[in-house]
1. How much net charge surrounds Q36 when only the other residues with a Cβ under 15 Å from the Cβ of Q36 are counted, with Lys and Arg +1 and Asp and Glu -1?
2. If you roll a 1.4 Å probe over the heavy atoms of the protein chains, what accessible area per residue do you get for the range 21-164, in Å²?
3. Taking 0.36 nm per residue of separation and subtracting the Cα-Cα distance, what length does fully extending F237 through D195 add?
4. If the reach is capped at under 28 angstrom between alpha carbons, list the lysines near K108, excluding any in the same chain fewer than eight residues apart.
5. Where in the range 72-99 is the amide nitrogen less than 20 Å from a point lying 7 Å along the Cα-to-Cβ axis of L210?
6. Of the peptides 35-46, 122-133, 88-99, 265-276, how do they stack up when ordered by the mean number of other Cβ atoms within 10 Å, highest first?
7. Multiply the residue separation of K245 and K265 by 0.36 nm, subtract the distance between their alpha-carbon atoms, and state the gained length in nm to one decimal.
8. Using a 10 angstrom cutoff on alpha carbons, build the Gaussian network for the chain and name the most mobile of E214, E147, E121.
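The values are calculated or read from the model by the stated rules, or taken from the named source; none is laboratory data. For clarity, every value in this text was computed on a predicted model and none was experimentally measured. Every residue, glycine as well, gets a Cβ built from its backbone with ideal geometry; the counts of neighbours run over all protein chains shown. All accessible areas refer to the heavy atoms of the entire protein, side chains included, with ligands and DNA or RNA removed. Shrake-Rupley method; radii C 1.70, N 1.55, O 1.52, S 1.80 Å.
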Amino acid sequence: MKRVTAILLLIVFARCAYAQVITDYLITSDMGTYKQITKGGPSGDILAGADHFGEDHQDETYGISYHNKQVRLWVDVQVTQHTNSDSDKWLLHEVEISYRDSNNSRNKLGLLSGAGVKIREIGGNKFIYWGLGGGSYSWISGQKIIEIKYADLQRTKPEPLEVVNAYLQKHPSTIPSTFDFDQAHDIQWIRDEMDRRLWLCDKWFMQLQLRKVEEKRVYQEAVEHMSIFLNYREKYFRIPAVDEKDIIDGYLSTNNGTGIKAKLKEYKDWWTVNKDKAITLQ
C-alpha cells in the first residue's frame, strides 16, 4: 500500500512540475476571442533550419494552438528555451535566417526573402514580421525564442494581435531598439553568417576532439558549412567557389580529415584578412 501511495505521489508531482514548465513558456488559457484548442507540450526545434549547433546543450521547445471561431483563424505558437552555451550570441542572427533567402540561392544569398519582411514594434517591443499568405511574428526574449504563425491565403482576416500582445507581455522582446532591416544591417548579417559558418566548423571539430561525435559526421558537417561559406565568398567577394568545393568534396569522399582541416585553416586565414573589405548588395 505504501508503495502504491508513493507511486501516486510521484505521478502527481511529475504532472504538477510538467504543468509548471508548460506555463513558464506557453499561455494555457483563452485570450479574448482566441480559444486554446491544444493542450500544449513539447514541439519541434525552431532553430533546426538555422543549422543551430546543439551538440553541447539541450534546447526545449513547447508549442500550442489557438482558434478564433468568429473569423475562423488558427494560430500556432512555439517557444524555445535556449540553454546557456557560447551559441547564445547567434540567437537573433539565427532567428533571421528563416526570413532570409536560402543558402543555395546564388542571386539573393543572405538577403531578405521579400517585401513582406519588416521590423514592427508594439509597446516598445520589436519583432520580425512576415505577412504574405498569412503572418509570422518572431522575437527573442533573453534566451527564449518566440514564434507565432497563422495562415490566411486570401489575406482577408485580421491579424491575431490579441495573441501577439499576450505573448509580448509574457516574454518581452529583447531585440535592441536600434535593430532595423537597412542596408548596413544586411551587410553585417552577411559578414556574421560567414563568421558563423567557420565557427560551426570549429565547434564540430571540437566535438571530434572530445570524442563525442563520429569522425565521418564531423567531416560532413564541416564540409557543408565550408561550402556555404564559399557560396557567400563567391557572391560578395567575387572568388569562384566551384574548384574549392570540388576539393573539399573530394577530401570528404576519401575521409581526408587532414585535408579538410587544412582548407578550414586556409579559409579562416583568408577571412581574417578580408572580412572588413567592402561588399556590394545586388
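1. Result for the local shell: +1.
2. Solvent-accessible surface per residue comes out at 45 Å².
3. 13.7 nm
4. K89, K118, K126, K149, K203, K235, K245, K263, K265, K268, K275, K277
5. Label zone hits: 81-91.
6. Those peptides, ordered most packed to least, come out 88-99, 122-133, 35-46, 265-276.
7. The K245-K265 span can extend by a further 5.7 nm.
8. Maximum among the listed residues: E214.
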